[in-house]
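The values are calculated or read from the model by the stated rules, or taken from the named source; none is laboratory data. This structure is a prediction, so every number in the text was calculated from the model and none was measured. When we count neighbours, we look across all protein chains shown, and the Cβ atoms used for this are built from the backbone with ideal geometry, even at glycine. Calculation scope for accessible area: heavy atoms of the full protein, side chains included, ligands and nucleic acids excluded. Shrake-Rupley method; radii C 1.70, N 1.55, O 1.52, S 1.80 Å.
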Amino acid sequence: MKTEKVKITQVKINSVNPRVITSDKFNKLVNSILVLPKMLEIRPIVVDNVMKALGGNMRLQALKEIAKWKPEALAQRLASLPDYNRKTEGERAALVEHWGNWLAKPQVHIINASELSEDERKQFMIKDNVQFGQWDYDKLANNWDNTRLNEMGMDVWDTPPTTFAPLGGQPATTPVAEPGDDENDGTFNGVLPPELQGVDLNPNELPKIEGTDETARERVIIVYKKEQAEQLANLLGIAEVSKVVWTLDEIMEPKA
């Protein structure tokens, strides 16, 4: 098997690919490719005998999206990326030139795995995405900045989620609550309790938190449509539904 370069229109996205990607992660994948296009040659798309992707479907999907852009939109998107702005002026110019040339003739590196049997192709689609190892978070914390890890698509603590305008547009940052901001309103403010910080959170062996001395309480969940908020507030006897979690004392009328 050898790597070759073909027109991106020749390669098909695999409709039975069992992997899915969220909009946020897809945008991060696009950004990752934009600032490090050399990775596409190092990690080529694996295809079968009819040029359908067996491995690298997400990268292929990202490239096909980029191929729709105009050079001006691509340059604007690059300019919004921190990793692009960390580069020297010469490196930035070379990157813009690379993508300008690519848009004029979109191509992709592939490896043709046509010699695989049907069963081997199915196995490859799963095994290519299986992750047997796990991250050493201490080493990550000591050698990488959380923000940069988040930009590269890793899920890390205490990093504000980033959303993007339509591909090619300017990014916008979604603000998150800071510690102490309405910390009792039932929402997660992005900071773990001290007892859980730096702890390997295994679902089967979660550490116990002592909590307060208050008696355990029962809960009732009320599901309502947005337009029913005023009606719900009237039923509960409150001014407005401004929080997710309420105690009974908060909505009961004070005794005379």
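Taking the conditions exactly as written (closer than 30 Å to E118 by Cβ, among the charged types (D, E, K, R) and within 22 Å of the chain's Cα centre (by Cα)), does K64 satisfy them or not? Criteria met by K64. The set of residues in the range 202-236 being surrounded by 10 or more Cβ atoms within 10 Å (Cβ to Cβ), modelled with pLDDT of 80 or more and assigned to a loop (DSSP other than H, G, I, E, B) consists of I222, Y224. Against the definition (of a type outside the set (S, T, Y) and either modelled with pLDDT of 90 or more or touching a helix residue (DSSP H, G or I) at 6+ places or on another chain (Cβ under 8 Å) (or both)), how does W144 come out, yes or no? Here the answer is no, as W144 does not meet what is asked. Find all pairs meeting these conditions: Cβ atoms under 9 angstrom apart; at least six residues apart or on different chains; first residue within the range 117-142 and closer than 23 Å to P18 by Cα and touching a residue at least 60 places away in the same chain (Cβ under 8 Å); second residue open to solvent by less than 60 Å² (accessible area, probe 1.4 Å) and in a helix (DSSP H, G or I). Here the result reads M125/N57, each pair linking the range 117-142 to a residue that is open to solvent by less than 60 Å² (accessible area, probe 1.4 Å) and in a helix (DSSP H, G or I).
Looking at the structure I just gave you, is N57 touching a residue at least 40 places away in the same chain (Cβ under 8 Å), open to solvent by 40 Å² or more (accessible area, probe 1.4 Å) and within 26 Å of E4 (Cβ to Cβ)? No, not satisfied.
Taking (1) touching a Phe, Trp or Tyr at 6+ places or on another chain (Cβ under 8 Å); (2) under 29 Å from D128 (Cβ atoms) in turn, R59 satisfies each apart from (1).
Residue pairs whose Cβ atoms lie under 9 Å apart, separated by 6 or more positions or on different chains, with the first residue in the range 79-92 and open to solvent by less than 50 Å² (accessible area, probe 1.4 Å) and the second among the hydrophobic types (A, V, I, L, M, F, W, C) and in a loop (DSSP other than H, G, I, E, B), are D83/L36; D83/M152. Residues that are modelled with pLDDT under 80 and assigned to a loop (DSSP other than H, G, I, E, B) were ranked within the range 124-141; the one that is nearest to L29 (Cα to Cα) is N129. For I126, indicate whether it is more than 25 Å from the chain's Cα centre (by Cα), surrounded by 10 or more Cβ atoms within 10 Å (Cβ to Cβ) and under 30 Å from A67 (Cα atoms). Judged against the criteria, I126 is not a match.
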